[in-house]
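One structure is given below, encoded as structure tokens.
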């Protein structure tokens, strides 16, 4: 799933959570995207993966809050 599609689906509430490379989320925020927020880290490795949700959502603020939610991931790792 592309970052644009995933972030748009998170914004429209089709996804509760998006998981992707942290730099894509940070770059989007830097370019003015204000419809999502970073709430945690999924994997800490040479490539950091962020967990993001809608900026105005009050039900997801920590990694523990994602249990039972619908999520999208930009690419599956091994």
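No lab work stands behind these numbers, since they all come straight from the coordinates. Computed from a predicted structure; not experimentally measured. When we count neighbours, we look across all protein chains shown, and the Cβ atoms used for this are built from the backbone with ideal geometry, even at glycine.
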(message) Quick check on packing: order 49-55, 35-41 by the mean number of other C-beta atoms within 10 Å, highest mean leading.
(response) 49-55, 35-41
(message) Quick check on packing: order 62-68, 23-29 by the mean number of other C-beta atoms within 10 Å, highest mean leading.
(response) 23-29, 62-68
(request) Give me the number: length gained by fully extending residue 73 to residue 33, i.e. 0.36 nm times residue separation minus the C-alpha to C-alpha distance, one decimal in nm. (result) 12.5 nm
